[in-house]
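The values are calculated or read from the model by the stated rules, or taken from the named source; none is laboratory data. If you're wondering where the values come from, they're calculated on a predicted model, not measured in any experiment. Here Cβ is always computed from backbone atoms with ideal geometry, including for glycine, and neighbour counts include all displayed protein chains. Just so you know, the surface numbers come from the protein's heavy atoms only, side chains and all, with ligands and any DNA or RNA stripped out. Shrake-Rupley method; radii C 1.70, N 1.55, O 1.52, S 1.80 Å.
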Amino acid sequence: MSVPTETWVSKTDLTRFLRCPYAFYLVDRGLVAFEDTVNDLQLQLIHEGIRFQENIEATLPVRKITPEDLPTVFADESIRLFGAPLLRNAALQICGQPDAIDTANGELVPVEVKSHQDVQRSDELELAFYWLLLEPYRTRPGSPRGSLILRRQGVPTPVDVLLKPDRFEQVRDLIRDIRTTRVQGVAPRICGCTVCSGVMRDEIMRVTRDKKDLTMIWGIARAYARHLEAIGVTNYEDLLGADSASVVASLRERRCFVSIAHVDSWKHHATSYATSQPVVFGGPLALNDSFIALDLEYLASDTIWLVGLCIVTQGGRYYRALWAESAAEEEANLREVAAILAANASLPVITWSGNGADLPQVKYAAKRLALDHAYAAIESRHVDLYQYTRKALRFPIPRLSLDEVGQYFGIPKVSRITGGLEAQSLYLEYRRSQAEERRAAIKSQLMEYNRDDIEALVGVAEALASLGRRGQC
Ligand SMILES: [Zn+2]
């Protein structure tokens, strides 16, 4: 969709700006290609979303509407109109093309097709944008609302959404911010988007470090940073000198609600930067030098295709990688894990973020395969090092991913796979591919990737345990 001039804001602009203002700015200025803003898996998901929408539209009767037909169709009919032309609201200088419009004899309710299953804030903002866009075409007043066609278990599911006044306020603010950003640019900040954590990563680290930027603090993203800046806390050094209770009170006036403990945890992180040391502010970690490190690779609600583990005792390290081609092999692997756990009954099982990821997956598999004892054995001895770190520890680095904490402790990596998304995408290629050589190459890359994670997990666990022994933890 072409945007008429710099002041016009399209729905695509809004979506991109919501994802990341800095990446939006770079693409808008042509400094980064759109392809650099999404990775392979995201591209795959985009294509899947387009296919989902095309499948819905393919079932509809074809009706070509020209701009000249619009006033009549909008005012006199009550249909769901797909394929409307590009619409413009000249007063607000916004333009866009809703997936469909329920004309409702002039009420004009926007409809969006989404390939996720739950209503998201961004969906509501897009519908509010479209409600505003349709304002000049509307001939009958209606209560602000929109319709979503979501994908639930692969099935198109209609969901009606009422649009509250604050969503419209937010959309107007966003439209204004997009225009300001186009003219003034926007400061790079720590951000997990594909651009900021990809091609621009080093540059962003340099700039944010130099500025002692607030987003260097774990738990402070753009929104909190803007609130803090508005109350005079411009970088993490300011934060360090601020009284937590006063910060909480000032943020509350801006309808931004955080607790004193929350602000204290930000300050602990600021202290970590100021001293270039880890800062411990929580209870001790119940871990000594013997444990079992566990890391699973899987597709959500599907098979666990790789179990990586390492038994660490004073006698040394014993590694095991269990690959599964089938449900039968997955079951055999889980039985082997249960046997290893039974043979090392006194050792805790450690993961990085297993509470939210690996354990629910094991629970799902155990239920499916009637292996409840395997799940119980892991759960009862599980220590989630990420959860511990989140509540008790900060390092002078912005993020708490295993990768970055591992790097902080100098644990080397072998694999060139950049993260979980790429690993999943490679695994999907492995499943699709018929070429034996390619499959063998992917499998070995994925084994190497999982081994890196196991090495990082073991190394980080040992570092945390030794911090504890030195009385710092
Ligand atoms: Zn970003």
Odd one out for Ala440 among (1) crowded, with 19+ Cβ neighbours inside 10 Å; (2) assigned to a helix (DSSP H, G or I): (1)
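Residues are listed down the side, and each one gets a yes or a no for (1) under 17 Å from Leu457 (Cβ atoms); (2) polar (S, T, N, Q):
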site	(1), (2)
Arg368	no, no
Leu371	no, no
Ala374	no, no
Arg390	yes, no
Pro396	no, no
Ser401	yes, yes
Glu404	yes, no
Tyr408	yes, no
Leu428	no, no
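Let's see how each residue does on (1) open to solvent by 60 Å² or more (accessible area, probe 1.4 Å); (2) in contact with a helix residue (DSSP H, G or I) (Cβ under 9 Å, 6 or more places away or on another chain); (3) within 30 Å of Ala463 (Cα to Cα):
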{"site": "Ile190", "(1), (2), (3)": "no, yes, yes"}
{"site": "Arg206", "(1), (2), (3)": "yes, no, yes"}
{"site": "Gly219", "(1), (2), (3)": "no, yes, yes"}
{"site": "Glu229", "(1), (2), (3)": "yes, yes, no"}
{"site": "Val233", "(1), (2), (3)": "no, yes, no"}
{"site": "Trp266", "(1), (2), (3)": "no, yes, yes"}
{"site": "Ala270", "(1), (2), (3)": "no, yes, yes"}
Ile178 farther than 24 Å from Asp13 by Cβ and within 16 Å of the ligand (Cβ to nearest atom): no
Some residue of the stretch 241-259 being under 24 Å from the mean Cα position of the chain (by Cα), within 29 Å of Gly420 (Cα to Cα) and surrounded by 13 or more Cβ atoms within 10 Å (Cβ to Cβ): no
Every pair of residues 6+ apart whose Cβ atoms lie under 6 Å, when the first sits in the stretch 185-208 and is more than 15 Å from Phe34 (Cβ to Cβ) while the second is within 12 Å of the ligand (Cβ to nearest atom) and in a loop (DSSP other than H, G, I, E, B): Cys191/Cys20; Ile204/Pro188; Ile204/Cys196; Val207/Pro188; Thr208/Ile190
Condition check for Val171: farther than 24 Å from Thr275 by Cβ, within 16 Å of the ligand (Cβ to nearest atom) and in contact (Cβ under 8 Å) with a residue 60 or more places away in the chain: no
So Glu297, is it among the acidic types (Asp, Glu), open to solvent by 10 Å² or more (accessible area, probe 1.4 Å) and in a helix (DSSP H, G or I): no
Only listed residue being touching a residue at least 12 places away in the same chain (Cβ under 8 Å), at negative phi and in a helix (DSSP H, G or I), chosen from Ala286, Ala274: Ala274
Cβ pairs under 6 Å, 6+ apart, first in the stretch 318-344 and without any contact (Cβ under 8 Å) to a residue 24 or more places away in the chain and under 17 Å from Phe291 (Cα atoms), second of a type in the set (Val, Ile, Thr) and open to solvent by less than 70 Å² (accessible area, probe 1.4 Å): Tyr318/Ile311
Filter result (within 21 Å of Pro85 (Cα to Cα), polar (S, T, N, Q) and open to solvent by less than 70 Å² (accessible area, probe 1.4 Å)) within the stretch 133-165: Ser147
From the options Ala187, Ala230, Ala223, Ala242, residue that is away from the ligand (no atom under 16 Å from the Cβ), small (Gly, Ala, Ser) and farther than 14 Å from Ala270 by Cα: Ala230
Search result, residues across the stretch 103-130 that are more than 22 Å from the chain's Cα centre (by Cα) and either at positive phi or assigned to a strand (DSSP E or B) (or both): Ala104, Asn105, Gly106, Leu108, Val109, Pro110, Val111
Matching residues, the stretch 310-365, being over 27 Å from the mean Cα position of the chain (by Cα), open to solvent by less than 40 Å² (accessible area, probe 1.4 Å) and small (Gly, Ala, Ser): Gly316, Ala324, Ala338
Some residue of the stretch 318-337 being modelled with pLDDT of 95 or more, in a strand (DSSP E or B) and over 24 Å from Gly420 (Cβ atoms): yes
Output for the stretch 7-26, where each listed residue is surrounded by fewer than 21 Cβ atoms within 10 Å (Cβ to Cβ) and either within 11 Å of the ligand (Cβ to nearest atom) or not hydroxyl-bearing (Ser, Thr, Tyr) (or both): Trp8, Arg16, Leu18, Arg19
Unmet requirement for Thr389, which otherwise passes all of (1) assigned to a helix (DSSP H, G or I); (2) touching a strand residue (DSSP E or B) at 6+ places or on another chain (Cβ under 8 Å); (3) closer than 13 Å to Leu287 by Cβ: (2)
